[in-house]
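Asks: Starting off with a structure, shown below.
The values are calculated or read from the model by the stated rules, or taken from the named source; none is laboratory data. Everything numeric in this text was worked out from a predicted model, so none of it was measured. Cβ placement follows ideal geometry from the backbone for every residue including glycine, while neighbour counts extend to all protein chains displayed.
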Amino acid sequence: MSTDPVRLTARHVPLIERYRDRLPFAEGDPLITLQEGSTPLLRAPLLSEMVGAEVRLKLEGANPTGSFKDRGMTCAVSAAVREGAEAVICASTGNTAASAAAYSARAGIRCAVIVPEGKIAEGKMAQILIHGARVIALDGNFDRALALVRELTDKHPIALVNSVNEYRLEGQKTAAFEIVEDLDQEPEALFIPVGNAGNVTAYWRGFREIGVAPRLFGMQAAGAAPLVLGHPVEHPETVASAIRIGNPARWEDAMAAMTESRGAIRAVSDEEILTAYRLLAAKEGMFCEPASAASVAGLLKYGADGASQVVCVLTGRGIKDPHTAIEHNDGMIIRCRAQMDVLEEAVLG
Ligand code: F0G
C-alpha cells in the first residue's frame with residue numbers, strides 16, 4: 001500500500017508514469033518530475049465562430065514551469081540522471097532554459113544555460129535565476145548559441161538537453177496522445193508555432209504512433225521564417241522572442257512532418273501575432289506568450305482549410321513576458337485621487 005496520502009488521478013500522474021508503455025523508461029528508473037503534462041484542452045467559442053470550426057486550445061502553459069518544455073525535460077533530465085550525469089546544458093530563447101533549470105534543481109544536478117543576451121523575456125530570466133542555474137548571456141543569437149553548445153558537449157561530459165536530444169521529443173510527443181484522448185473526434189488540423197522545430201516533429205511522431213494523422217500547420221514569425229523561405233535567416237527578428245530562430249535544428253524532420261500530414265509551413269507577421277495575442281487574452285480569457293499566439297494568428301490568417309475540428313497549441317504562459325503585454329494592450333490605467341467623487345467619475349465616467 002502507498003504511504004503517500006494523496007490520491008492520484010490521471011491529472012496528477014507524472015507524464016512518464018502516465019505514458020510509460022510508450023516512453024523509453026522502465027519501472028524503477030530515476031524519475032525527475034514536477035507533475036507535468038495532462039494539460040487542459042479548452043474550447044474557444046469566439047475563435048470557433050470566427051473561423052467556422054470547432055476550435056480548441058491546448059494549454060501548455062499549464063505545465064509546471066509554464067511551457068510545453070516540461071514534457072521533454074522530465075524525460076531528458078530523468079535520462080541524464082539515469083546515465084549518471086552531474087550537469088546539463090542547453091541553448092535557449094528562454095523556456096527550455098527555465099525548464100532545464102527547474103528539473104535540474106529538482107534532481108540536484110548543475111545546470112548551465114546559454115541565452116542570447118538581452119533577448120529573452122523577463123519572466124523566463126527570473127525563473128532561470130531563482131532555480132540557481134548558471135546563465136551565460138551570449139553575444140550572439142540562438143542559432144549561434146546552439147552551434148556552440150553542441151560543440152562544447154562533444155568535448156565535455158555534460159548532458160545536452162536541447163530538442164536535438166531524443167528524450168525531449170519522446171516526452172513532447174505525449175501532448176498528441178492527450179489531445180486524441182480528450183477529443184470525441186480525431187483532430188483534423190493542428191496549428192502550432194515553429195522555432196527550432198522540435199515540437200512539431202514530436203507531435204507528428206505522437207500522432208503517428210497512435211494511428212491518427214491530422215494536418216499540421218506550422219507557423220513561423222515572418223522575420224524568422226527560414227522554413228517558409230527555404231533557407232536559413234542570418235538575423236532573425238520578431239516580437240515573439242521564443243521563436244526568434246533562423247536555422248532550426250529539426251529542419252528536415254519538421255518539413256517531413258508537414259508534408260506527410262498534408263499540412264503546410266506558413267508565416268505570420270508580428271502585427272498578426274500581436275492581434276491574436278490580444279484577442280486571446282481579451283476575448284477568450286487566455287493569456288499566452290506572443291510565440292504561442294502565432295498558432296492562432298495562422299488560423300485567423302489562413303483559415304481552417306476545411307477542417308471542422310481544430311486544435312491550436314498555446315505553447316507558453318503570458319506572464320513569462322510581462323513587458324510585451326504591457327507594451328501591446330488595449331487596456332487602460334486611470335490615475336485617481338483617493339476621494340469618492342473622483343473615484344465615481346473614474347469608475348462610471
Ligand atoms: N513556443 C514557445 C513558447 C517556445 O518557447 C518555443 C521554443 C516554441 C514555441 C517553438 O518550439 O522550437 O520546438 O519549434 N522555444 C525554445 C527555447 C527554442 O529555447 O525555449 P520549437
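Asks: Out of Gly94, Gly132, I need the residue that is on the phi > 0 side of the Ramachandran plot and within 14 Å of the ligand (Cβ to nearest atom). Which one? Spell out how you get there, then give the answer.
Replies: On the way: Gly132 fails: within 14 Å of the ligand (Cβ to nearest atom).
One residue alone meets the criteria, Gly94.
Asks: What helices (runs of 4 or more DSSP H), lying completely within segment 77-167, carry at least 3 residues that are under 22 Å from Gly246 (Cβ atoms)?
Replies: Details: elements: 95-107, 122-130, 142-155.
So the answer is 95-107, 142-155.
Asks: When you check Glu170 against the structure, is it over 12 Å from the mean Cα position of the chain (by Cα) and at pLDDT 95 or above, yes or no? Explain how you work it out, then say what you get.
Replies: On the way: over 12 Å from the mean Cα position of the chain (by Cα): yes; at pLDDT 95 or above: yes.
Considered against the rule, which asks whether it is over 12 Å from the mean Cα position of the chain (by Cα) and at pLDDT 95 or above, Glu170 comes out as yes.
Asks: Starting from residues that are more than 9 Å from the ligand (Cβ to nearest atom) and under 19 Å from Ile326 (Cβ atoms), keep the ones in segment 284-302 and report whichever is surrounded by the most Cβ atoms within 10 Å (Cβ to Cβ).
Replies: Going residue by residue through segment 284-302, those that are more than 9 Å from the ligand (Cβ to nearest atom) are 284-287, 293, 296-302.
Filter again for under 19 Å from Ile326 (Cβ atoms), leaving 285-287, 293.
Numbers: Gly285: 10, Met286: 21, Phe287: 20, Ala293: 32.
Among them, the one singled out is Ala293.
Asks: Further, regarding this structure: Suppose the filter is at pLDDT 95 or above, hydrophobic (A, V, I, L, M, F, W, C), buried (at least 19 other Cβ atoms within 10 Å of the Cβ) and touching a Cys at 6+ places or on another chain (Cβ under 9 Å); does Val81 pass it? Before the answer, list the steps.
Replies: Working: at pLDDT 95 or above: yes; hydrophobic (A, V, I, L, M, F, W, C): yes; buried (at least 19 other Cβ atoms within 10 Å of the Cβ): yes; touching a Cys at 6+ places or on another chain (Cβ under 9 Å): no.
Considered against the rule, which asks whether it is at pLDDT 95 or above, hydrophobic (A, V, I, L, M, F, W, C), buried (at least 19 other Cβ atoms within 10 Å of the Cβ) and touching a Cys at 6+ places or on another chain (Cβ under 9 Å), Val81 comes out as no.
Asks: Out of all the residues in segment 39-74, which are over 17 Å from Thr93 (Cα atoms), touching a residue at least 40 places away in the same chain (Cβ under 8 Å), touching a strand residue (DSSP E or B) at 6+ places or on another chain (Cβ under 7 Å) and of a type in the set (S, T, N, Q)?
Replies: Residue satisfying the conditions is Thr39 alone.
Asks: Starting from segment 299-321, keep only residues that are free of Cβ contacts under 8 Å to residues at least 40 places away in the same chain, then list their pairs with residues that are within 15 Å of the ligand (Cβ to nearest atom) and not small (Gly, Ala, Ser) whose Cβ atoms are within a distance under 7 Å, requiring at least 6 positions of separation or different chains.
Replies: Matching pairs, first to second residue: Lys301/Val268.
Asks: Then there is this: I'm trying to understand the selection: among the residues of segment 119-132, which are within 17 Å of Leu34 (Cα to Cα) and of a type outside the set (S, T, N, Q)?
Replies: As a first pass, look at segment 119-132 and keep what is within 17 Å of Leu34 (Cα to Cα): 127-128, 130-132.
Matches in segment 119-132: Ile128, Ile130, His131, Gly132.
Asks: Can you find a residue in segment 57-76 that is more than 16 Å from the ligand (Cβ to nearest atom), within 24 Å of Leu280 (Cα to Cα) and modelled with pLDDT of 95 or more? I'd like the intermediate steps shown before the answer.
Replies: So in segment 57-76, the residues more than 16 Å from the ligand (Cβ to nearest atom) come out as none.
No, because not a single residue in segment 57-76 is more than 16 Å from the ligand (Cβ to nearest atom), within 24 Å of Leu280 (Cα to Cα) and modelled with pLDDT of 95 or more.
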